[in-house]
Amino acid sequence: MEEKIKVSVIIPVYQVEQYLERAVDSVLAQSLDELEIILVDDGSEDASGWICDCYARTYPQKIRVIHKENEGLGMARNTGVELARGEYIAFLDSDDTAESQMYQKMYEKAMEEDYDMVMCDVRILYVEEGKESVVQTFAEKDIDLAEYLIRGNNITYSVNKLYARRIWERERYKKMLFEDIALIPALVTRYPHIGYVQEPFYCYYRRANTISTTFTGSMIDIIDAFSAFLDDSDPHFREEVVYCTAKQLYWNMFQSRALFQADFIEFLKKYEKDFRLNPYLRKDQKTRKILDFIHRDVIPEHLICVSKEEDISEKFIEAVKEYFPRGKLTLREIQKEEIKKYPSCVERAMEQGDMEFVREYAGLRILYEQGGILLQPDMRVQLNLKRMRLNRIFFGFESEEEINGGCLGAVKEHYVIRALLDSYEEENIFNQALLPLKERIRDFLILHFDLKVNGRNQLLKEEIAIYLPSILTFDMQDGENCCKKVIGDLPDGYQAVSDAVLRMWSARLMENWNLYKRERDRKEKRTGQENAPPPVLTADSLDVEEQIRQVAETYENSTCWKLTRPLRALAGIFGK
């Protein structure tokens, strides 16, 4: 007679050879005997698949393995669900562990009242920091679902829950990142008969460079996940669900994933009615700050490139698809019949074969009519370009004196873009000599907005953002670059820059280094004269003092400065 299986523990496996044994061993050590382990190898290319097979041979009555092509965590869990034979189903991530009493205690709780699911608390182990904390799921022993949605924790976790098999006869994960957020919170509202064991049975090992801590373009899936929570939950808990989503949104907007803030703002606009009318959110002074962003304009996730098809490289398109997978990409080639609708200078440029002049005008028109980010085909977008969408309009320097015409953006029908378009209708030096767009932009901003031609960050009239060359033209390898110019076919990690830019960077680095040394020397002097009166700052010196403080803070917090601290200490000892 086949032994009754009380719990099926499903462990998705992908590239975790160094952690997998620890996870599997923690389930083998469970006090509950009547359980099975299903290892789903999701196309691992390391030794993970081999480790799975070794366990299956050693414990044939307890462990089953399935090898499949890589489709992601949710699909691997779905595969395990289809094989599961237990009365209840649990999920364990392959780099985490379960305390030895976890499944027995949770199964016994489930049996008390035939619960749909049972939750436990979570112990978080911060691997790099060497510390841990316990996140309590709920303050009371019994789960009141409305109260839990308002004040509870761990709602999005799949792994701290034990599910009745009947749930998975109807439910499945979606193929996406954040598959937990898309399914589990809504699932909780549709299966509200929930038990709770107040013990931190699940051990979550939090480390850097995991899916949840590494930024990728696919993280935009989190917007779909929030929408699924709102749309798929039981309507009886609508107000609680909206408030629960608002708390998740606040954490993502201001703490975890601020890079995607423009996307979150668009999500807020979509569900404006629900958030504005929510009674719980009105009383929460902290979380309600998200409402301040609802009417903020953001640049559409629309990337525009006007050029011949052969001028647009595969790498250009690959970068857009990688970092803006949901964004609209407009690739346009100028048609001769279009030119008749353009100003006479554009038609003359076409006749003279100056297609760059024509493309720049055509790109500006699309930018004005639809909004977005206008790119030249020699630019390569980076994920940080998402930050630029929080501006209403932005430009960037290419050098200390030149504006970059290869990457600029604006909201739909921005008046500055309209004014630039109108300038093509005038009799001026730009149109007579068919001067490039970057010169037109620079002189326009000097004339109307007092642009300082110095290659530095500026905010003109509290709206028009101007960025350093290292932000929108060249990559200084400091993690700040949003878009860079590609000159020639260079190996990865290399880029071509002009002598003028190199001189500017060198001067800027030396300027910052000298400011830092001044601040360091002043600190050392103050340390030796603790009783001396504080220096008197005049109004003229305040800006310089603040600049010195910021530069010093930047140097002392930089990775390079921290890594070279031992070398500098040795140099001090030997007088080098």
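The values are calculated or read from the model by the stated rules, or taken from the named source; none is laboratory data. Since this is a predicted model, take the numbers as computed values, not measurements. Positions of Cβ are generated from backbone atoms using ideal geometry, with glycine treated the same way; all protein chains shown enter the neighbour counts. Only protein heavy atoms, including side chains, enter the accessible area calculation; ligands, DNA and RNA are left aside. Shrake-Rupley method; radii C 1.70, N 1.55, O 1.52, S 1.80 Å.
Points to keep in mind about this one:
- Taking the helices alone, the chain has a mean residue ellipticity at 222 nm of -12000 deg cm²/dmol, built from -39,500 (n - 2.57) per DSSP H run of at least 4 residues and averaged over all its residues.
- Karplus (6.51, -1.76, 1.60) ³J(HN,Hα), θ = phi - 60°, over the stretch 145-154, in Hz, Gly and Pro reported as x: 4, 4, 5, 5, 5, 7, 10, x, 10, 6
- Förster radius 45 Å - calculated FRET efficiency between E480 and W50, Cβ distance, rounded to 0.05: 0.60
- Tensor-based shape of the stretch 293-383 (alpha-carbon gyration tensor, a/c under 1.5 rounded, otherwise prolate or oblate): oblate
- Candidates per GluC sites (Glu not before Pro) in the stretch 53-161, loop by DSSP, up to 10 other Cβ within 10 Å: E69, E128, E129
- Dipole magnitude (debye, nearest 20) for the stretch 18-96, charges at Cβ of Lys, Arg, Asp, Glu: 260 debye
- Label-to-label distance, nm, for residues given as A507 and Q352 (7 Å Cα→Cβ offset): 3.2 nm
- The order of the peptides 14-22, 237-245, 458-466, 335-343 by mean Cβ neighbours within 10 Å, most packed first, is 237-245, 14-22, 458-466, 335-343.
- Carbon and sulfur %, accessible surface of the chain computed with the full protein complex present, 1.4 Å: 49 percent
- Cα gyration tensor, the stretch 54-140 - rounded (a/c under 1.5), prolate or oblate: oblate
- Size of electric dipole in the stretch 196-310: Cβ of Lys, Arg +1 and of Asp, Glu -1, about Cα centre, debye, nearest 20: 640 debye
- Whole-angstrom gap from the stretch 33-85 to the stretch 392-452, using each part's C-alpha centre: 59 Å
- When only the Cβ of Lys, Arg, Asp and Glu is charged (+1, +1, -1, -1), the dipole of the chain relative to its Cα centre reaches about 1240 debye.
- Pair L490, Q61: separation of 7 Å Cα→Cβ label points (nm): 6.5 nm
- Degrees, to the nearest 10: 179-190 long Cα axis against longest axis of the chain: 50 degrees
- Annotation: per residue accessible area for the stretch 8-75 equals 45 Å², rounded to a whole number [probe 1.4 Å, protein chains only].
- The label point for V134 and the one for N70, both projected 7 Å from the Cα toward the Cβ, are 3.8 nm apart.
- Reducing the stretch 121-136 and the stretch 268-291 to their Cα centroids gives an inter-centroid distance of 31 Å.
- Accessible surface, the stretch 166-264, averaged per residue in Å² (probe 1.4 Å): 38 Å²
- Förster radius 41 Å - calculated FRET efficiency between F215 and K461 (Cβ-Cβ, nearest 0.05): 0.80
- Linear extension gain, E318 paired with E34, 0.36 nm per residue minus alpha-carbon span: 97.3 nm
- For the stretch 147-234, the square roots of the Cα gyration tensor eigenvalues, ordered a ≥ b ≥ c, give a/c of at least 1.5 with a/b no greater than b/c, which places it in the oblate category.
- Per residue accessible area in Å² of the stretch 408-527, where ligands, DNA and RNA are left out and the probe is 1.4 Å: 57 Å²
- Projecting the Cα atoms of L83, C54, L303 onto the charge dipole of the chain, computed from C-beta unit charges around the Cα centre, puts L303 farthest toward the positive end.
- Residue-wise HN-Hα couplings along the stretch 493-501, as the Karplus relation 6.51 cos²θ - 1.76 cosθ + 1.60 with θ = phi - 60° gives them from phi, are x, 10, 8, 9, 9, 7, 4, 4, 5 Hz; Gly and Pro carry x.
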